[in-house]
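Notes to accompany the following structure.
The values are calculated or read from the model by the stated rules, or taken from the named source; none is laboratory data. Keep in mind that what you see is a predicted model, and the values were worked out from it rather than measured. Cβ atoms come from the backbone with ideal geometry, glycine included; neighbour counts cover every protein chain shown. Ligands, DNA and RNA are stripped out before the accessible areas are found, and what is left, the full protein with its side chains, is counted by its heavy atoms. Shrake-Rupley method; radii C 1.70, N 1.55, O 1.52, S 1.80 Å.
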Amino acid sequence: ARVLEIARRLSRGEALGTAAEEEEEEGCRRHREPLEVFCKEDAALLCAICRESRAHRAHTVLPVPEAARQYQEQIQAGLQTLKDDRDKLLQFREAEMRRNW
């Protein structure tokens, strides 16, 4: 959910620093530390203490801005595919309507 919120802010042209500042203000619920990395396996933001815990130690983690950038690229690619599909369906619909007339 946080990654999607970051992607939404980036797509609206808002600075990523704003989202990062909010995350730092909230921080880790368990340790009250700033959320610095994103765990790809669990799709969760982690603080430094959580990162070193047994639950995440072997997982792949990325800095939050890099993870947001990657997910934004994936979301944009998926959005483009959906737009292309919609355009094809609209063209098909228009052709069928002309054929029926």
* To do: Look through the stretch 21-44, keep the residues that are modelled with pLDDT under 80 and open to solvent by less than 40 Å² (accessible area, probe 1.4 Å), and return whichever of them is farthest from residue 57 (Cα to Cα).
  => 23
* Residues that are touching a His at 6+ places or on another chain (Cβ under 9 Å) and of a type outside the set (D, E, K, R), drawn from the stretch 48-101 -> 48, 49, 50
* **Positions within the stretch 67-84 being open to solvent by 70 Å² or more (accessible area, probe 1.4 Å) and of a type in the set (D, E, K, R), in sequence order** => 69, 73, 83
